[in-house]
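Any read-out appearing in this document is the output of simple, stated calculations on the displayed coordinates, not a laboratory observation. Here the structure is a predicted model, which means the values were calculated and not measured. When we count neighbours, we look across all protein chains shown, and the Cβ atoms used for this are built from the backbone with ideal geometry, even at glycine.
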Amino acid sequence: MFGDMMGMMGKLKETQAKVEETKKRLDSVSISEQSNDSLLKVVVSANREIKTIEIDDELLKDKDQLEDYLIVTLNRAIKKATEVNEAEISAVAKNGLPDIPGLTS
């Protein structure tokens, strides 16, 4: 019994380390998004950090339009990044968890 508990604790620590490694790796995964007319392009990491923003000169003429484009495009990029992040982290966590009776996802 005690050996099983120690084994589970070791497995949990190993899984935690793999999750941390995955989070670091996701810093280098880029998610690109652009407005429908390609006047605004953004790149975010899978950890939802903005990496680049490219704005066409045409958008600089209308502040309100630019703000709208930024909100829509960044939100789409962040949504995609969140989906990638959650899928990667949950896959690592699920594969590394010990089989505990009664514990299901």
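Which condition number in (1) without any contact (Cβ under 8 Å) to a residue 40 or more places away in the chain; (2) assigned to a helix (DSSP H, G or I); (3) out of contact with any helix residue (DSSP H, G or I) (no Cβ under 9 Å at 6 or more places or on another chain) is the one that ALA77 fails? The number of the failed condition is (1).
Considering only the stretch 56-73, state which residues are of a type outside the set (Asp, Glu) and either buried (at least 17 other Cβ atoms within 10 Å of the Cβ) or not in a helix (DSSP H, G or I) (or both).
LEU59, LEU66, TYR69, THR73
Of the residues making up the stretch 16-51, those that are of a type outside the set (A, V, I, L, M) and farther than 30 Å from ALA93 by Cα are GLN34, SER35, ASN36, ASP37, SER38, LYS41.
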